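K.L.:
Structure provided below as structure tokens; questions to follow.
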Amino acid sequence: MGQQLHFEKHLLGGRSQTLKFAFVIDPLHSLKPWKDSTIAMMRATEKHGHEVFAIESHTLGWRCPEPGQNGGVFGLAMHLHPRPDDHDWYRETGRDWLLLNSFDVVIMRKDPPFDAEYLTATWLLERAEAEGVRVFNRPRALREHSEKLAIMEFADFIPPTLVARDIAQLQHFIDEEHDVIVKPLDGMGGSQIFRIQKNDPNRNVILETMTRLGRRTIMAQRYLPEIAQGDKRILLIGGKPVPYCLARIPKAGETRGNLAVGGVGVAQDLSPNDRRIAEHLGPILAKRGLLLVGLDVIGNHLTEINVTSPTCMVEIKQQTAFDAAGAFITTIEHLCGVY
């Protein structure tokens, strides 16, 4: 608990102003209250005395202003009152089509895939920014930081990696490294991740399938045996690392630690190397408008930089009492000038 108090004190003192928060999300019924960081943020928002609204991303739109009429980016906003009961976690007290500039803060929490609809949402949210709306993470930063490819900027921290769609290049990389992980550039939750060893009889068909016969670019990385000790999720809030990470440990017979495929999350203190990576990347990413980031670290290597909808807040709080969701809302209050 001392860690939590120190972290929040470092970011902000008291507060006295009510803000209106709009969370742009996937369909409300798809959220999982017992583990979803977005719901943890909503609960923290109301606990801090602010209003909570949810806007399902498919309702976003824009209307040209006309004489005598308001225009701009809008969405169908549901006014929610979050509850602690995971079986009945909110009350809705109204919904209406509202302009996004009627909110003090908009939080983009739609999950990947980063497809044409996600891209369109970032364009709409960037227009809302131009209309004076504070949007986190910033839409332009979301577009410019592929969760897989962003690691290229920080090559000193990553394992041997190849990005390609040419099957011969990928085959050569496997021959060099002997044991690799291949994954699509737009997946999440461990989807379509394969481990290929040099003598794997299925290596050709896996590469053909993953690249769609050389028509889709993928990522290959050296397999890191330290995955057995966990794929660590390190959260950055406002450029500063949360003092605990969540090591997602693969279940027996698995090479993926993702919680979505059965991994077990174990909260632990940051190692000196974890902190070195986090403290190097944190200020750089925060300056670009990435207020909340999830770094994935296996052993001593950075493997991904998650910026769309980083999670693991719930598990960290359950195991350490550190309220990362509360720290996130506190950081936003500070940026909004609420003391």
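Each row is one residue, and each column tells you yes or no for (1) in contact with a Ser or Thr (Cβ under 6 Å, 6 or more places away or on another chain); (2) of a type in the set (Gly, Ala, Ser); (3) part of a helix (DSSP H, G or I).
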site: Leu170; (1), (2), (3): no, no, yes
site: Asp175; (1), (2), (3): no, no, yes
site: Asp200; (1), (2), (3): no, no, no
site: Ala220; (1), (2), (3): no, yes, no
site: Leu246; (1), (2), (3): no, no, no
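K.L.:
Does Gly49 count as in a loop (DSSP other than H, G, I, E, B) and of a type in the set (Gly, Ala, Ser)? Lay out the reasoning, then the answer.
P.N.:
Values: in a loop (DSSP other than H, G, I, E, B): yes; of a type in the set (Gly, Ala, Ser): yes.
Here the answer is yes, as Gly49 does meet what is asked.
K.L.:
If you go through region 151-189, how many residues are among the acidic types (Asp, Glu) and under 20 Å from the mean Cα position of the chain (by Cα)? Even if it seems obvious, please write down each step before you answer.
P.N.:
If we filter region 151-189 for residues that are among the acidic types (Asp, Glu), which is where we start, we get 153, 156, 166, 175-177, 179, 186.
This time we only want the ones that are under 20 Å from the mean Cα position of the chain (by Cα), so: 153, 186.
Adding up the residues that qualify gives 2.
K.L.:
Which condition breaks for Leu119 when tested against (1) out of contact with any Gly (no Cβ under 7 Å at 6 or more places or on another chain); (2) of a type in the set (A, V, I, L, M); (3) part of a strand (DSSP E or B)?
P.N.:
(3)
K.L.:
It is to be established whether one or more residues within region 239-252 are loosely packed, with under 15 Cβ neighbours inside 10 Å, among the charged types (D, E, K, R) and out of contact with any Asp or Glu (no Cβ under 8 Å at 6 or more places or on another chain).
P.N.:
In the first step, residues of region 239-252 are kept if they are loosely packed, with under 15 Cβ neighbours inside 10 Å; the result is 251-252.
From what's left, among the charged types (D, E, K, R): 251.
In the following step, the residues that additionally are out of contact with any Asp or Glu (no Cβ under 8 Å at 6 or more places or on another chain) were identified as 251.
Looking through region 239-252, at least one residue is loosely packed, with under 15 Cβ neighbours inside 10 Å, among the charged types (D, E, K, R) and out of contact with any Asp or Glu (no Cβ under 8 Å at 6 or more places or on another chain).
K.L.:
Looking at the structure I just gave you, is Leu281 at pLDDT 95 or above and in a loop (DSSP other than H, G, I, E, B)? Quick ask: steps written out before the conclusion?
P.N.:
On the way: at pLDDT 95 or above: yes; in a loop (DSSP other than H, G, I, E, B): no.
Against the criterion (at pLDDT 95 or above and in a loop (DSSP other than H, G, I, E, B)), Leu281 does not qualify.
K.L.:
Right, next: Which of the numbered conditions does Leu125 fail, given that it passes all the others? Conditions: (1) free of Cβ contacts under 8 Å to residues at least 40 places away in the same chain; (2) farther than 19 Å from Arg233 by Cβ.
P.N.:
Status for Leu125: all satisfied but (1).
K.L.:
Lys317 - would you say it is crowded, with 17+ Cβ neighbours inside 10 Å and either more than 22 Å from Glu147 (Cβ to Cβ) or hydroxyl-bearing (Ser, Thr, Tyr) (or both)?
P.N.:
Values: crowded, with 17+ Cβ neighbours inside 10 Å: yes; either more than 22 Å from Glu147 (Cβ to Cβ) or hydroxyl-bearing (Ser, Thr, Tyr) (or both): yes.
Taking the combined requirement at face value, the residue satisfies it.
The values are calculated or read from the model by the stated rules, or taken from the named source; none is laboratory data. No experiment lies behind these values; they were computed from the predicted model shown. In this analysis, Cβ positions are derived from the backbone assuming ideal geometry, glycine residues included, and neighbour counts consider all displayed protein chains.
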